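Enquirer: Structure below; questions to follow.
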Amino acid sequence: MNEGNRVDGVRVSHPLFQEGGGGATPTSTLCLHVSPISIERACELNLLWHSRLPRIEASNVFRNKDYACYRAESAGVIYAVAIWSSPVARLLNDGCTLELRRFAIAPDAPRNTGSRVLAVMARLIAKAKPHIRRLVSYQDESVHQGTIYAAAGWNKTASRRGGEWSCKSRPRAATQANAPKVRWEKLIVDCGPGTSPASVE
């Protein structure tokens, strides 16, 4: 199987029931349906699409008290995946917060996919995990301006220098990106105008 066929196969949402890649590429984010996906599949698609942080192991996500993975699909083809877990930073890991560890979007996804999928995921998480009150994510300043977070109603709360997080007593694996980052947050109780935490799409 050539690389193109492999990628197309991974992107098919329900491979047991569909042989091809579905219909035409969606032109609007309103065509996208957001739903849960397995950690393994999300990691595989993240490896294909994430330009800065392609590597994340499913086993590292499983270890967390809280985690969730979502896909955005249209006509049986996946256009974005997201991996959430308990925060990596110890001070943020309060049992009420989820961190967006990876958010990977296919190059042929509709414009504004990022902001709409972020908004929908906030509502899905609020329904599935009512104990979660806050969402956090980090923007890599070297390649992103944070537009999708601002459009989805998130707020800037902090910034940090890039580099390794490691010490002799608790060595960490080398980071995949060392650029400065901005932390964005969203209160899960505020999912946007005209919505409630229990609403979905």
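Coordinate-derived values only; no laboratory data. All values derive from a computational prediction rather than experimental measurement. Because the Cβ atoms are built from the backbone with ideal geometry, glycine has one as well, and the counts that use them run over all protein chains shown.
Enquirer: Out of region 15-105, which trypsin sites (Lys or Arg not before Pro) are coil in DSSP terms and have no more than 14 other C-beta atoms within 10 Å? If you can, show how the numbers build up before the last one.
Expert: Numbers: sites: Arg41, Arg52, Arg55, Arg63, Lys65, Arg71, Arg90, Arg101, Arg102; in loops: Arg52, Arg55, Arg63, Lys65.
The qualifying sites are Arg52, Arg55, Arg63, Lys65.
Enquirer: Okay, moving on. Where does the charge balance sit around Ser28 when Lys and Arg score +1, Asp and Glu -1, over other residues with C-beta under 11 Å from its C-beta?
Expert: Here the count lands on +2.
Enquirer: Can you give the extra length, in nm with one decimal, that the chain gains between Ala75 and Asp94 once fully stretched, where that is 0.36 nm per residue apart less the Cα-Cα distance?
Expert: 3.0 nm
Enquirer: Using the Karplus equation 6.51 cos²θ - 1.76 cosθ + 1.60 (θ = phi - 60°), what ³J(HN,Hα) coupling, rounded to whole Hz, does each residue of region 114-128 give in order, writing x for Gly and Pro?
Expert: For region 114-128, the Karplus curve yields x, 5, 5, 5, 4, 5, 5, 4, 4, 6, 5, 5, 4, 6, 7 Hz.
Enquirer: Here's a follow-up. Using 0.36 nm per residue of separation minus the Cα-Cα distance, give me the extension gain between Asn112 and Ala58 in nm, one decimal.
Expert: Gain on stretching Asn112 to Ala58: 16.7 nm.
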